[in-house]
Structure formats: structure tokens, C-alpha cells
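The block underneath contains the structure these notes are about, expressed in C-alpha cells.
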Amino acid sequence: MKPRPASSAKLPPLLPRVPPAVAALLLQGAAFALVLAGVNLTGVRPAPLTFALLCGLTAAIFSRLAGLARWWLLIQLVFVPALVLMLTLDIPPGFFLAAFLVMLAVYWSTFKTQVPLYLSSNKVWHELEGLLPAAQAGKTLRFMDLGCGLGGVLTHLAAARPDGHYSGVESAPLPALASWLRTRRQRNCAVYWGSIWDDALPACHLAQYDVVFAYLSPVPMERLWHKARAEMRPGSVFISSTFAVPDQQPDQTLSVDDLHHSTLLVWKM
Ligand SMILES: C[S@@+](CC[C@H](N)C(=O)[O-])C[C@H]1O[C@@H](n2cnc3c(N)ncnc32)[C@H](O)[C@@H]1O
């Protein structure tokens, strides 16, 4: 899934300190309480699906009023009706538990970070190759992918430019494991399970890298820029795929002819 543009990812004005996913859940609760109160007051006994549709509609209206991004309104509208329909299918509860655990392992703290897993294209990997500094005898190029997903960027660059060392940090357990498995035979790769904001993780100190790459979302870009400015060495390169840094013009912009119309934004620090 591709993330939304910056404008739709803003926090809702009525619940400014609450992550959108938590706000959506609170609004679902409020909608349920209101519809239930209405049913009790009027004495009308709607069918479960009608009740669910009323809850969904009310939640979507509340979400609109609270300023949630537009794509949340559709989720809010169909959430409770989908629950009711799923219950009619009589699926064993273990299936839902298993599905939940897999989603948790893949998306982990996305509800907080607002950075889900989606992957750079092959064409982005090739463009990145062209942005690496030229090989220098006796010097190892050091590259970091912040939020390395399934490790595609690392494996590609490690094979294309064996003179470098390629590190990745990934917070979600299943992608981190996949990255680690994928790179474990490449002696010039290292994958760390953790958060890019964790100062106790030495790999997250950006001063050691010649090139730092990030493909995240609009949400962390300002904070990441401050980290990059504070830690990266003069002359090193910071590359963001697709997501701009507020008020910071890149030194170079590369449009990539892939499915997502990715853009590589490049800053010389
Ligand atoms: C859009 S994906 C990019 C994957 C990979 N870099 C690529 O280009 O294919 C972003 C990844 O960053 C991870 N992520 C989000 N916040 C993070 C954090 N604070 N620390 C480490 N990884 C994070 C997500 O779990 C996700 O796998």
C-alpha cells in the first residue's frame, strides 16, 4: 500500500495528540454508544446488520468532523458491518488470532509511527546505485537504509557495489527477520532489529555513513531531517524516496519511472 500525501496524514484537529488509528477506535466507540442509546430510547429493534450500518455511518460522520483523513472515513463506514458479516461466516476464532499475529509481526507499531511496510521498486534500487559515491581504493563506502523492510535495497546494492558495506535498521519483527535471512550470506550487509530513534543502538548513529537512505512516510520526515543534520558528516549524502522534508529544498531530485512514480530527493550534507 502506498502512503497518503502529507496533507491527509495530519493528526485530527479535534484529537491533536492521539494517533489517527487510536482516534478512529475512540470514534467507533462513541458512534456505537450513540446508536445504542438511540435504539434504547426509541425502542426500535434493528437487525444486526442495520445496527452495524448505523454505527458505521455515525463513525464516518464523527471522523469527518474530527478531521481524520478522507480514507479513514471509508474504513470507519465499513468496519462494524464487516465485523457483523464475518461473524455470519462462522470462521474459527483461531483464524482471526493467527491473522492478527501475522499483521502485528509485519506492521508492529505502524499505528504509532504511521510508517507502514511498502517496498521500493527495482528501478529505485538501480537509481540509488547511480547515486552512490564512486569507489575509492582502500575505502569502504558505508550505506544505511533506515527502515529496511524486506532488505531489497541492501541486497541489491551489496551485489552491485561490493566495495561498500550496507546496513539496515527495521523495527517490525517479521520484516527484520526476512531482511536478516536475506542478507545473512552477504558478508558486506548487516541488519539490526530496532527503531531508528533508539540512541542505544550504535547502528542508528548516522555519522558513520556516507549515504543514508529513507523511504518512510511524510510523518517522521521533519524529525529525521533534524537527526540527519545533527549527526551526518559534511559531504555525506541523505536520500529520501518520495517524501519531502518540510521547508528543505533538495540539492537534486530524480524522478523514477516506476509504478509509484517515485522521486528520489537528495541532499548533500
Ligand atoms: C516504506 S517501508 C521501506 C522499506 C525499504 N526501505 C524499501 O525501500 O523497500 C518503511 C519501513 O520502515 C519501517 N519503520 C517504520 N518506522 C520505523 C522506525 N522507527 N525504526 C525502524 N524501522 C521503521 C517499517 O516497518 C517499514 O518496514
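Here are the numbers for this structure:
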{"item": "Surrounding net charge for Ala158, when Lys and Arg each add one and Asp and Glu each subtract one, Cβ distance under 14 Å", "result": "+3"}
{"item": "For the stretch 166-224, radius of gyration divided by Kirkwood radius, i.e. Rg to Rh on alpha-carbons", "result": "0.96"}
{"item": "Normalised per residue, the volume of the convex hull around the Cα set of the stretch 122-268 (Å³)", "result": "111 Å³"}
{"item": "Glu231, Glu127, Glu170, Glu222 arranged by Cβ crowding within 10 Å, fewest neighbours leading", "result": "Glu222, Glu231, Glu127, Glu170"}
{"item": "Debye-sum result for the chain in log10 I(q)/I(0), which assumes one identical scatterer on each alpha carbon, at q = 0.09, 0.13, 0.14, 0.15 Å⁻¹", "result": "-0.52, -0.91, -1.01, -1.10"}
{"item": "Cα centroid of the stretch 237-255 to Cα centroid of the stretch 25-50, whole Å", "result": "47 Å"}
{"item": "Cα long-axis angle, helix 93-107 against the chain (0 to 90 degrees, to the nearest 10)", "result": "40 degrees"}
{"item": "Whole-Å distance, taken between Cα centres, linking the stretch 80-128 and the stretch 131-154", "result": "29 Å"}
{"item": "Helix axis angle, 221-231 relative to the chain longest principal axis, alpha carbon, degrees", "result": "30 degrees"}
{"item": "Helix 173-183 axis, angle to the chain major axis (alpha carbon atoms, nearest 10°)", "result": "30 degrees"}
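Every read-out reported here was derived from the displayed coordinates using simple, explicitly stated rules and does not represent laboratory data. All figures in this text were calculated on a predicted structure; none of them were measured in a lab. Heads up, the Cβs are rebuilt from the backbone with ideal geometry, glycines too, and the neighbour counts pull from every protein chain shown.
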